[in-house]
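The values are calculated or read from the model by the stated rules, or taken from the named source; none is laboratory data. On a predicted model such as this, the values are computed, not experimentally measured, just so you know. Positions of Cβ are backbone-derived with ideal geometry, glycine not excepted, and every protein chain shown enters the neighbour counts. Accessible surface areas use protein heavy atoms only, side chains included; no ligands, DNA or RNA. Shrake-Rupley method; radii C 1.70, N 1.55, O 1.52, S 1.80 Å.
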Amino acid sequence: MFGSPAIHEQDAEAVAAVVRSGWLGTGPFVSQFEKDFCQYKEGWGFPVAVNSCTAALHLSMASTGLEPGSEVITTAMTFCATVNSIIHAGLTPVLADVDPVTMTIDPADIERKITPRTRAILPVHFAGRCCPMDAIGAIAREHNLRIIEDCAHAIETTVHGKPACTFGDFGCFSFYVTKNIITGEGGMILARDEELAARCKVLALHGMSKDAWKRFGDSGYKHYQVVSSGFKYNMMDVQAALGIQQLRRIEDYWQRRKAIWDRYMQALADLPLGLPAAPEPNTRHALHLFSVLIDEKTCGITRDAFLDAMTEQKIGVGVHYLSIPEHPFYQQTFGWRPEQYPHAQRIGRTTVSLPISAKLSDDDVSDVIAAVRTIIGSKKVER
Ligand SMILES: Cc1ncc(COP(=O)(O)O)c(C=O)c1O
């Protein structure tokens with residue numbers, strides 16, 4: 001199965017202990033996970049644990065009180081949740097194309113897309129590679145724009161030792177089952193501003209005043225006040241218990257993925273498929289996705305036929321992603337067409353993600369390599 005997570009016995013025990021305690025909702029484990037995560041990010045920002053990265057992105061934008069219809073520039077190469085969260089916040093998504101090599105949002109195209117209504121930039125640290133945050137930060141300063149970093153792929157990402165999420169106003173993380181560490185469903189906001197973090201917390205629990213988070217404690221009944229029409233986005237202790245355990249192993253998992261990544265790079269180097277670009281100097285790539293590009297002209301097989309052939313060989317593969325304008329909803333709502341974002345279009349039509357979970361054994365990795373070599377080797381077009 002693609003993206004099957006590494007789960008240890010301690011994880012199961014920690015979850016069982018919470019279940020046995022009878023306190024399943026938001027409580028001490030969530031607070032602990034927030035503290036631990038913040039500490040992992042060198043104490044930067046104010047954490048708000050939520051039940052998905054989609055919720056984290058939505059709340060980040062909802063908390064800032066941008067006027068409805070304000071434009072938010074994001075990338076054409078991302079998961080639909082990035083774009084949907086902008087729409088949920090009552091804002092208007094505007095797409096920029098990506099760099100053809102790094103696959104992250106192209107600052108030059110961001111500049112081209114700025115209008116008098118632009119209020120924010122939402123870069124996605126794609127596959128675990130940090131976006132060019134110096135350039136994006138400069139654009140944001142010049143035009144007085146907020147930055148919301150989609151760090152769903154980028155828990156371990158750093159640039160010159162500075163963690164991804166510390167460049168903007170908000171960093172939004174995912175602990176979904178395929179991510180680098182998991183809580184089942186789950187997400188986290190790290191906000192630069194304490195007041196905005198507090199607002200996110202209120203919005204995450206029905207818009208009930210801050211103390212509502214503690215209202216089920218032992219210190220007597222507390223009345224809550226609804227101060228906003230909020231959402232139901234709070235994380236549960238069951239999820240946080242898993243997250244606390246997983247976070248302790250984050251470096252081991254990264255090292256394991258690095259070993260798998262290096263094996264793929266070496267073993268597939270002579271094939272005519274596109275391999276991931278090397279990480280930029282002085283950066284740490286979170287190695288979340290290992291994607292190859294299958295161009296029919298050089299590989300002798302279409303991307304979709306390659307996907308089928310891998311599945312036939314019982315190798316789980318993924319597509320991250322078809323570019324956003326390929327989807328009918330966005331075409332109909334915003335009039336976007338894939339060819340307006342040619343790099344994202346090409347990547348989206350040729351990309352295939354190979355398994356890179358820390359759970360994979362050396363034999364599993366050998367099986368993946370053998371399957372790719374068999375399929376491409378037999379179809380290879382001589383150049
Ligand atoms: C780039 C990106 N942003 C946002 C999300 C949404 O994360 P979640 O599933 O935790 O809501 C994902 C999830 O896969 C993602 O890949």
Taking protein heavy atoms only, a 1.4 Å probe, and rounding to whole percent, the accessible area of the range 233-383 owed to carbon and sulfur comes out at 51 percent
With every protein chain in place, the accessible area of His143 for a 1.4 Å probe, in Å² rounded to the nearest 10, comes to 70 Å²
Quick calc: nm separation of the 7 Å Cα→Cβ label points for Phe2 and Arg141 -> 4.0 nm
Simple SL model, points at 7 angstrom along Cα→Cβ for Glu195 and Ser228; separation in nm is 1.2 nm
Relative contact order in percent for the chain (Cα pairs under 8 Å, 6+ apart) equals 21 percent
Using a 1.4 Å probe on heavy atoms of the protein chains only, the accessible area for Glu71 in Å², nearest 10, reads 20 Å²
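Can you give me the Rg/Rh ratio for the range 1-133, using Cα atoms for both radii and the Kirkwood formula for Rh?
Values: Rg = 18.4 Å, Rh = 17.4 Å.
Rounded to two decimals, Rg over Rh is 1.05.
Please state, as a whole number in µm²/s, the translational diffusion coefficient that the Stokes-Einstein equation yields for the chain at 25 °C and 0.890 mPa s, with Rh defined as the Kirkwood radius across alpha carbon pairs.
On the way: Rh = 21.6 Å.
Translational diffusion coefficient: 114 µm²/s.
For the full complex of protein chains and a 1.4 angstrom probe, list Phe46, Phe173 by accessible area with the highest value first.
Working: Phe46 75, Phe173 0 Å².
So, going from the largest accessible area down, we get Phe46, Phe173.
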Sorted by accessible surface (1.4 Å probe, heavy atoms of the protein chains only), largest first, Tyr233, Tyr264 come out as Tyr233, Tyr264
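For Lys359 and Ser21, compute 0.36 nm times the residue count separating them, minus their Cα-Cα distance, and round to one decimal in nm. The partial results should precede the final answer.
On the way: separation 338, 0.36 × 338 = 121.68 nm, distance 2.94 nm.
That works out to 118.7 nm of additional length.
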Protection proxy (average C-beta count within 10 Å per residue), highest first, orders 104-113, 75-84 as 75-84, 104-113
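Express the relative contact order of the range 99-248 as a whole percentage, based on alpha carbon pairs under 8 Å and six or more residues apart in sequence.
Working: 244 pairs, mean separation 22.1, N = 150.
Computed over the range 99-248, the figure is 15 percent.
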So, with points 7 Å from each Cα along the Cβ direction, the Gln10-Lys113 label distance in nm works out to 4.1 nm
Out of Ala55, Ala81, Leu24 - ranked by how far each Cα lies towards the positive end of the dipole of the range 1-85, with unit charges on the beta-carbon of charged residues - the top one is Leu24
Note: the range 95-213 at 25 °C, 0.890 mPa s; Kirkwood Rh on alpha carbon pairs; Stokes-Einstein D in µm²/s works out to 160 µm²/s
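How much accessible area per residue does the range 305-383 have, counting only protein heavy atoms and a probe of 1.4 Å, in square angstrom? Show your work: numbers first, answer last.
Details: 4040 Å² over 79 residues.
Here the residues of the range 305-383 average 51 Å² of exposed surface.
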The chain, Gaussian network, Cα under 10 Å: of Met208, Met103, Met235, the residue fluctuating most is Met208
Taking a straight Cα-to-Cα line shorter than 17 Å from Lys222, and setting aside same-chain aspartates and glutamates fewer than 8 residues away, one finds Asp211
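Please state the charge dipole magnitude for the range 17-83, taken about the Cα centre, from unit charges on C-beta atoms (+1 on K and R, -1 on D and E), reported in debye and rounded to the nearest 20. Intermediate results must be reported in sequence, preceding the final value.
Numbers: 3 positive and 5 negative charges, 62 e Å.
With only Lys, Arg, Asp and Glu charged at Cβ, the dipole is about 300 debye.
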Computed for the chain: size of charge dipole around the Cα centre, +1 on C-beta of each Lys and Arg, -1 on C-beta of each Asp and Glu, debye to nearest 20, value 420 debye
If R0 = 25 Å, then Ala370 and Asp252, at their Cβ-Cβ distance, give a FRET efficiency to the nearest 0.05 of 0.45
Of Ala197, Ala62, Ala17, the most mobile residue in a GNM of the chain (C-alpha springs, cutoff 10 Å) is Ala17
SASA check, Arg263, accessible area w/ 1.4 Å probe, all protein chains in place, rounded to nearest 10 Å², comes out at 80 Å²
Scoring only Lys, Arg, Asp and Glu (+1, +1, -1, -1) among other residues with Cβ under 11 Å from the Cβ of Thr183 yields -2
Length gained if Arg346 through Cys38 is fully extended, taking 0.36 nm per residue and subtracting the Cα-Cα distance, is 107.2 nm
Accessible-area order for Asp364, Asp36, largest to smallest, probe 1.4 angstrom, reads Asp364, Asp36
Place a point 7 Å from the Cα of Met265 in the direction of its beta carbon; the residues of the range 307-329 whose amide N falls under 13 Å from it are none
Rounded to the nearest 10, the angle in degrees between the Cα long axis of helix 237-248 and the longest principal axis of the Cα atoms of the chain comes to 50 degrees
Placing +1 on each Lys and Arg Cβ and -1 on each Asp and Glu Cβ in the range 116-252, then taking the dipole about the Cα centre, the residue among Ile139, Leu205, Phe167 whose Cα reaches farthest towards the positive end is Leu205
Among Lys179/Lys297; Lys113/Lys179; Lys258/Lys314, the pairs whose Cα-Cα distance exceeds 25 Å are Lys179/Lys297; Lys113/Lys179
With +1 at each Lys and Arg Cβ and -1 at each Asp and Glu Cβ, the charge dipole magnitude of the range 67-127 around its Cα centre, to the nearest 20 debye, comes out at 160 debye
